[in-house]
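Everything on this sheet refers to the single structure shown next.
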Amino acid sequence: MVLNLRVMAPNRIVWNSEVWEIILSTNSGQIGILPNHAPLLTALDMGVLRIRNNGEWSAMALMGGFAMVDDNQVAILVNEAEIATEIDPDEAQKGFQAAKADSAKAESKKSKIEASLAFKRAKARLEALNAA
């Protein structure tokens with residue numbers, strides 16, 4: 001038994017294949033999905049999607065969205081997604097350091113929110129690289 005996983009961003013289908021297991025980052029923590037999972041609709045946080053296929057794990061950075069699980073079909077709609085193998089490690093590390101510095105010097109409420117989102121995005125990209 002397998003899951004049919006489809007990850008869709010506004011501009012492209014990022015992933016569309018059968019997988020054995022996935023681990024999602026939801027707003028209330030991580031959740032594992034195996035074949036025959038109960039129907040589920042959940043909001044996704046910025047974080048890492050882990051995908052197990054044929055005994056190997058892949059990772060993807062997701063930038064928020066929704067996941068729906070029903071009858072071994074998993075549809076994930078996201079604002080943006082990057083497969084770990086497509087992320088440049090040096091660029092991701094520089095982005096993380098810049099976001100961390102911006103977060104530390106943010107003063108207004110708006111700049112703190114923007115810096116926090118940029119930090120979460122950069123952290124998700126680094127975590128995807130480390131999970132792959």
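The values are calculated or read from the model by the stated rules, or taken from the named source; none is laboratory data. Treat the numbers as computed from the prediction; the structure is a model and nothing was measured. Every residue, glycine as well, gets a Cβ built from its backbone with ideal geometry; the counts of neighbours run over all protein chains shown.
Candidates in the stretch 35-57 are the residues that are out of contact with any Phe, Trp or Tyr (no Cβ under 8 Å at 6 or more places or on another chain) and surrounded by 10 or more Cβ atoms within 10 Å (Cβ to Cβ); of these, the one that is nearest to D71 (Cα to Cα) is H37. Would you call I113 of a type in the set (V, I, T) and either closer than 21 Å to V2 by Cβ or part of a strand (DSSP E or B) (or both)? The answer is no for I113. Close Cβ contacts (under 7 Å, 6 or more residues apart or on different chains) running from residues in the stretch 1-17 that are without any contact (Cβ under 8 Å) to a residue 60 or more places away in the chain to residues that are of a type outside the set (A, V, I, L, M) comprise I13/R6; N16/R6.
Of the residues making up the stretch 1-34, just one is surrounded by fewer than 17 Cβ atoms within 10 Å (Cβ to Cβ), of a type in the set (V, I, T), in contact with an Asp or Glu (Cβ under 9 Å, 6 or more places away or on another chain) and farther than 19 Å from K123 by Cβ, namely V2. Just wondering, is there one or more residues in the stretch 82-90 that are more than 14 Å from the chain's Cα centre (by Cα) and part of a helix (DSSP H, G or I)? Within the stretch 82-90 (the criterion being more than 14 Å from the chain's Cα centre (by Cα) and part of a helix (DSSP H, G or I)), the answer is yes, since at least one residue qualifies. Among all residues of the stretch 77-91, there is at least one that is modelled with pLDDT of 95 or more and over 13 Å from A128 (Cα atoms). Evaluating A92 against the criteria (1) assigned by TED's automatic domain parsing to the domain that holds A38; (2) surrounded by 19 or more Cβ atoms within 10 Å (Cβ to Cβ) leaves one unmet condition, (1).
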